[in-house]
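A.B. asks: Quick one: structure below, then a few questions.
The values are calculated or read from the model by the stated rules, or taken from the named source; none is laboratory data. In this text, all values refer to a predicted model and were calculated from it rather than measured experimentally. Here the Cβ positions follow ideal geometry from the backbone for every residue, glycine too, while neighbour counts run over all protein chains shown. Side chains included, ligands, DNA and RNA excluded: accessible areas come from the protein's heavy atoms. Shrake-Rupley method; radii C 1.70, N 1.55, O 1.52, S 1.80 Å.
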Amino acid sequence: DRNYIHPPLAKEIMAVFIKFYGDNSVGWRLGSLIMGMIMIVFMYLFGIAMFKNRFGAILCAGLLTIEFLHITQCRIATLDIYIAAFILLGYYFAYLYFELPPKKDLDDEKPGNLAQNIFRWFHANKYVILSGIFFGMALSVKLSALGGVGGIFLYVIYRFRKDEKHFPWKKLEI
């Protein structure tokens, strides 16, 4: 008997833990706990990227660690911690894409074979690709993730209009 109210990604992740740890409270909740710990680690990394020092990073991760809703969501078997973790990861990689200095333009490099060109393109755009993957994963958990994904969508439009260095298809003549 399947429940089709929400997309299945988080339920499938929970099912993996239930398969390995049994149909009990540990199996139900272990995935939520692991996602909560992943959030703390990436909040630390986000703090390093934003503040460029350990104090800011420890403050970010520490505040998330003692935040009561985060503690509660890590202890219960709901889909919301999965949405929060995937949206945080999406925002982290989007931040890296926009804030790190851009790589050399691919047009300046010698052309290689098709595999080399594809590899160079993926390497140059890895953060935006990872961001898109994690936002897609958030939407694959629950459609209410659209709020978090919509926020980054508006920011991307603002940034592309403001700064064309991250707008690679602007060069295309259509």
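A.B. asks: What's the number of the only condition in (1) open to solvent by less than 90 Å² (accessible area, probe 1.4 Å); (2) touching a residue at least 40 places away in the same chain (Cβ under 8 Å) that Gly56 fails to meet?
C.D. replies: Among (1) open to solvent by less than 90 Å² (accessible area, probe 1.4 Å); (2) touching a residue at least 40 places away in the same chain (Cβ under 8 Å), Gly56 violates only (2).
A.B. asks: Ok, one more. Can you find a residue in segment 61-74 that is under 20 Å from Ala145 (Cα atoms), in contact with a helix residue (DSSP H, G or I) (Cβ under 7 Å, 6 or more places away or on another chain), open to solvent by 60 Å² or more (accessible area, probe 1.4 Å) and at pLDDT below 95?
C.D. replies: No.
A.B. asks: Tell me which residues, restricted to segment 27-40, are closer than 21 Å to His70 by Cβ and open to solvent by less than 80 Å² (accessible area, probe 1.4 Å).
C.D. replies: Scanning segment 27-40 gives Leu30, Gly31, Ser32, Leu33, Ile34, Met35, Gly36, Ile38, Met39, Ile40.
A.B. asks: For segment 117-146, what are the residues that are touching a Gly at 6+ places or on another chain (Cβ under 8 Å) and among the hydroxyl-bearing types (Ser, Thr, Tyr)?
C.D. replies: Result: Ser131, single match.
A.B. asks: Another question, if that's okay. Residues in segment 18-41: is at least one among the acidic types (Asp, Glu), modelled with pLDDT of 90 or more and within 20 Å of the chain's Cα centre (by Cα)?
C.D. replies: The answer is no, given that none of the residues of segment 18-41 is among the acidic types (Asp, Glu), modelled with pLDDT of 90 or more and within 20 Å of the chain's Cα centre (by Cα).
A.B. asks: Considering only residues that are over 30 Å from Tyr4 (Cβ atoms) and assigned to a helix (DSSP H, G or I), look in segment 121-153 and name the one that is least open to solvent (accessible area, probe 1.4 Å).
C.D. replies: Among them, the one singled out is Ala124.
A.B. asks: Does at least one position in segment 86-106 carry a residue that is part of a helix (DSSP H, G or I), in contact with a Cys (Cβ under 8 Å, 6 or more places away or on another chain), open to solvent by less than 50 Å² (accessible area, probe 1.4 Å) and hydrophobic (A, V, I, L, M, F, W, C)?
C.D. replies: No, segment 86-106 has no match at all.
A.B. asks: Looking at (1) open to solvent by less than 60 Å² (accessible area, probe 1.4 Å); (2) of a type in the set (Ser, Thr, Tyr); (3) part of a helix (DSSP H, G or I); (4) free of Cβ contacts under 8 Å to residues at least 60 places away in the same chain, which is the only condition Tyr44 fails?
C.D. replies: Among (1) open to solvent by less than 60 Å² (accessible area, probe 1.4 Å); (2) of a type in the set (Ser, Thr, Tyr); (3) part of a helix (DSSP H, G or I); (4) free of Cβ contacts under 8 Å to residues at least 60 places away in the same chain, Tyr44 violates only (1).
A.B. asks: Turning to a different aspect of this structure: Among the numbered criteria (1) part of a helix (DSSP H, G or I); (2) among the polar types (S, T, N, Q); (3) within 20 Å of the chain's Cα centre (by Cα), which single criterion is violated by Thr72?
C.D. replies: All conditions are met except number (3).
A.B. asks: Then there is this: Looking at (1) at pLDDT below 90; (2) open to solvent by less than 70 Å² (accessible area, probe 1.4 Å); (3) in a helix (DSSP H, G or I), can you tell me which one Ile118 breaks?
C.D. replies: The single condition Ile118 does not satisfy is (2).
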